[in-house]
1. In what sequence do Asp236, Asp223 fall when counting other Cβ within 10 Å, fewest first?
2. Residues in segment 158-180 near a label at Leu197, defined as backbone nitrogen under 17 Å from the 7 Å Cα→Cβ point?
3. At Leu26 and Ala45, where each label point lies 7 Å from the Cα along Cα→Cβ, what is the point-to-point distance in nanometres?
4. What is the packing order of peptides 183-195, 251-263, taking the mean over residues of other C-beta atoms within 10 Å and listing the highest first?
5. Say each of Leu150 and Arg4 gets a label point 7 Å from the Cα, pointing the same way as Cα to Cβ; how far apart are those two points in nm?
6. Where Lys and Arg each count +1 and Asp and Glu each count -1, what net charge lies around Val180 among other residues with Cβ under 14 Å from its Cβ?
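What follows draws every value from the coordinates through simple rules; no lab data is involved. Only a predicted model underlies this, so the values are computations on that prediction, with no experimental measurement involved. Methodologically, a virtual Cβ is constructed for each residue, glycine included, from the backbone with ideal geometry; neighbour enumeration extends over all protein chains shown.
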Amino acid sequence: MEKRIIGRGALVGALGGLVAFLFARLLSEPVIGRAIDYESGRDEAQQALDKAAGLPLATDGPELFSRSVQSTVGIGFGMIVFGIAMGALFAVAYCLCVGRVGRVTPRNLALLVAGGMFLVLYGVPFLKYPANPPSIGHPESIGERTGLYLLMVAISAVALVAAIWLGRKVQARLGNWNAVLVSALAFVIVVAVAIVLLPSLGHLSVNHAYGDNATETPQPLKDPGGHIVFPGFPADDLYLFRLYSFAAQLLLWTVIGVGFAALAPRLFGRDTEAASSDATTIAPAG
């Protein structure tokens, strides 16, 4: 049974990755293209300033894959593989929840697990460390940025598990509705404290690429006389990239949740009608 569940999870994950890729190809790709053009233009302007100042010029290594390959086959393959991995991870979490969450139907459990994983893996971390296009964030800080993002994921996961435990603990005394409100409030408080206490990505760039300003977004590039020789990164493109990145992830997890919810009743030996009306604790069939 577990292998069938994981197989179905990987299948809907691949479909979710494909849908997310098509969305990103249509909407995100033009923004990424403009961000790469901005990065190239800024590098050229910086090299011109360095040359005028007599500084050694940095050289880029050879490009392994062309831009056209990266924006089509590369990103498509990557997002489908990522979708398969997330679908399989979803299926493992689903298996762990079966029989341990009370009176929830297989279909509703699929939606709840998918929603919880989106919240933990992307939704909550996005509030503190949103996705950035190329040219945002200095390469030397990538390790620190990755570590902070994973720390936010871990905090979100622990907070969600603790909130679920708290809700079940007070359910008998407060009732279902109040228990949900209390656990949700506890989750929000923990996440809010983490967001306030964890450092922002902007502070990682202070001593790297963008001068003394505590910002991760490239500011206007100036010559020694203080004249702007290249503009700062366009705010509209930053906003659009983050919006489309969030939407692509939401699409991925929606497809995983809804797709698996459609398959779940058959996995447990129930037809669609029975699954939608049955409110007993689910357990694997035979």
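1. Working: Asp236 10, Asp223 14.
Going from least to most buried by this count: Asp236, Asp223.
2. Answer for this model: 158-163.
3. If labels sit at Leu26 and Ala45, their model points lie 3.4 nm apart.
4. Descending mean neighbour count gives 251-263, 183-195.
5. The modelled label-to-label distance comes out at 3.6 nm.
6. +3
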